[in-house]
1. Once you have the Cα-Cα distance between ARG84 and VAL19, take 0.36 nm times their residue separation minus that, and quote the gain in nm to one decimal.
2. Using helices alone, what [θ] at 222 nm do you get for the chain, with -39,500 (n - 2.57) per DSSP H run of 4 or more residues, divided over all residues and rounded to the nearest 500?
3. First measure r as the distance between the Cβ atoms of LEU65 and MET29, then evaluate 1/(1 + (r/R0)^6) with R0 = 41 Å and state the FRET efficiency to the nearest 0.05.
4. Loop only per DSSP, at most 10 neighbouring Cβ atoms within 10 Å: give me the GluC sites (Glu not before Pro) in region 5-98, ordered by residue number.
5. State the dimensionless ratio Rg/Rh of region 21-87 (Rg: radius of gyration of Cα atoms; Rh: Kirkwood radius).
6. Label points 7 Å out from Cα along the Cβ direction at ASP53 and ARG38: separation in nm?
7. With +1 on the Cβ of every Lys and Arg and -1 on the Cβ of every Asp and Glu, and nothing else charged, how large is the dipole of the chain about its Cα centre, in debye rounded to the nearest 20?
Amino acid sequence: MARTRPGFGPLLLIMAALVAGGYFAFAAMQGSFGMLRRVQVDAEIVALTAERDALSAEAVRMANLTRRLSDSYLDLDLLDERARDVLGYLRADEVLIR
């Protein structure tokens, strides 16, 4: 009885399956839609959400200051504070220490 060796067909099929599996595993981890990109996007979402909240709080603070300096509601203490800070004004009875 003669022994026959398997042909290259099954071997090539196994090699192709291994290469395709390796490619898809690599793409699942490091591709543009992979797991590592997902972690990076999640970290960016957290950072940008914190930045958005900080900017929103700053906008609320600025809106409050703007309202307090408007014609309809003038806060004289705030006006005095801003004039001193921006223009460098002092009262005659004050002493400046730097």
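1. Values: separation 65, 0.36 × 65 = 23.40 nm, distance 7.29 nm.
Extra length from ARG84 to VAL19 when fully extended: 16.1 nm.
2. On the way: 3 runs with 69 residues, N = 98.
That comes out to -24500 deg cm²/dmol.
3. Values: r = 50 Å, r/R0 = 1.21.
So, using R0 = 41 Å, E works out to roughly 0.25.
4. Values: sites: GLU44, GLU51, GLU58, GLU81, GLU94; in loops: GLU94.
Taking region 5-98 and a limit of 10 other Cβ atoms within 10 Å, the loop GluC sites (Glu not before Pro) found are GLU94.
5. Numbers: Rg = 24.0 Å, Rh = 16.0 Å.
Result: Rg/Rh = 1.50.
6. The answer from the label model is 2.4 nm.
7. Details: 12 positive and 13 negative charges, 242 e Å.
In debye, rounded to 20, the chain gives about 1160.
All of the numbers you see were taken from the coordinates with simple rules; none came from a lab. Model, not experiment: these values are computed from the prediction. Glycine gets a Cβ as well: all are built from the backbone with ideal geometry, and neighbour counts include every protein chain shown.
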